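Enquirer: My questions all concern the structure below.
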Amino acid sequence: MDFKKEILKDQMLANAKRMAEHVAFHPKEIKKLVKLFSDKDNNVSMRSAWIISHVCSLTPEIVISIIPDFIKYLKSKDPNPPTIRCILSSLQQIKIPAKYCGTIFDFCIGYVKNTSMPFAVRAFSINIMGILCKRYPELKHEIELILSELKTHPQPGSITASIRNTSKILLKL
């Protein structure tokens with residue numbers, strides 16, 4: 001499938017889901033979508049990641065195989081915030097392998113503290129930090145410090161909800 005052509009032809013949800021189903025049945029095709037992360041057109045980049053987030057809901061094991069590609073993109077110079085949002089959305093849905101948890105946790109801390117990041121990126125980062133804390137309770141103190149700092153300033157609803165949900169996770173630890 002020529003994903004770039006399909007992405008540019010139609011940006012409707014139904015088209016994204018159709019492409020995600022194609023990848024679910026042809027797992028090797030996901031690499032074609034990953035290559036589009038670096039497309040010069042930010043819309044192509046974001047939409048390819050958006051499709052991957054739909055693949056994740058269908059077959060998370062396929063997405064686990066491209067976590068190194070996610071990390072490579074997140075480390076790249078000036079990653080596109082909507083693409084970051086879609087990557088984080090995918091990471092919330094899967095069990096991140098242990099060898100990537102530290103790197104992803106570090107990205108999340110950076111995004112949460114970066115007030116110029118879109119609210120969804122920051123909210124998803126808080127959620128992922130909470131998910132990782134369930135597996136690594138020793139992160140609890142660090143996350144509590146970050147959340148308490150966030151609570152000192154008014155936050156938009158999405159971030160407030162993520163803080164509340166992650167705080168509940170921390171209370172149970």
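The values are calculated or read from the model by the stated rules, or taken from the named source; none is laboratory data. Predicted model, so just to flag it, every value in this text is computed and none were measured. Cβ placement follows ideal geometry from the backbone for every residue including glycine, while neighbour counts extend to all protein chains displayed. Each accessible area value is taken on the protein alone, full model and side chains, heavy atoms only, with ligands, DNA and RNA left out. Shrake-Rupley method; radii C 1.70, N 1.55, O 1.52, S 1.80 Å.
Enquirer: Could you grab me the full set of residues in the stretch 34-48 that are buried (at least 17 other Cβ atoms within 10 Å of the Cβ) and part of a helix (DSSP H, G or I)?
Expert: Listed by number, the residues that qualify are VAL34, LEU36, PHE37, VAL44, SER45, MET46, ARG47, SER48.
Enquirer: Can you name every residue in the stretch 63-79 that is among the polar types (S, T, N, Q) and more than 23 Å from THR115 (Cβ to Cβ)?
Expert: Within the stretch 63-79, SER65 is the sole residue that qualifies.
Enquirer: Follow-up question, since we're still on this one. Tell me, please, whether a residue that is touching a helix residue (DSSP H, G or I) at 6+ places or on another chain (Cβ under 6 Å), within 17 Å of ILE131 (Cα to Cα) and open to solvent by 60 Å² or more (accessible area, probe 1.4 Å) can be found in the stretch 10-32.
Expert: no
Enquirer: Is it fair to say SER116 is open to solvent by 40 Å² or more (accessible area, probe 1.4 Å), of a type outside the set (D, E, K, R), under 22 Å from ALA49 (Cβ atoms) and not in a helix (DSSP H, G or I)?
Expert: yes
Enquirer: Would it be correct to say that LYS77 is part of a helix (DSSP H, G or I) and among the basic types (Lys, Arg)?
Expert: When the stated conditions are applied, LYS77 does not pass them.
Enquirer: Take the stretch 122-164 and flag every residue that is open to solvent by less than 80 Å² (accessible area, probe 1.4 Å), assigned to a helix (DSSP H, G or I) and either in contact with a His (Cβ under 8 Å, 6 or more places away or on another chain) or over 18 Å from GLY102 (Cα atoms) (or both).
Expert: Answer for the stretch 122-164, where residues must be open to solvent by less than 80 Å² (accessible area, probe 1.4 Å), assigned to a helix (DSSP H, G or I) and either in contact with a His (Cβ under 8 Å, 6 or more places away or on another chain) or over 18 Å from GLY102 (Cα atoms) (or both): ALA123, LEU147, SER148, LEU150, GLY157, SER158, ILE159, THR160, ALA161, SER162, ILE163.
Enquirer: May I pose another question? Just for the stretch 80-100: of the residues that are closer than 25 Å to THR115 by Cα and surrounded by fewer than 19 Cβ atoms within 10 Å (Cβ to Cβ), which one is nearest to the chain's Cα centre (by Cα)?
Expert: Of everything passing the filter in the stretch 80-100, GLN92 is nearest to the chain's Cα centre (by Cα).
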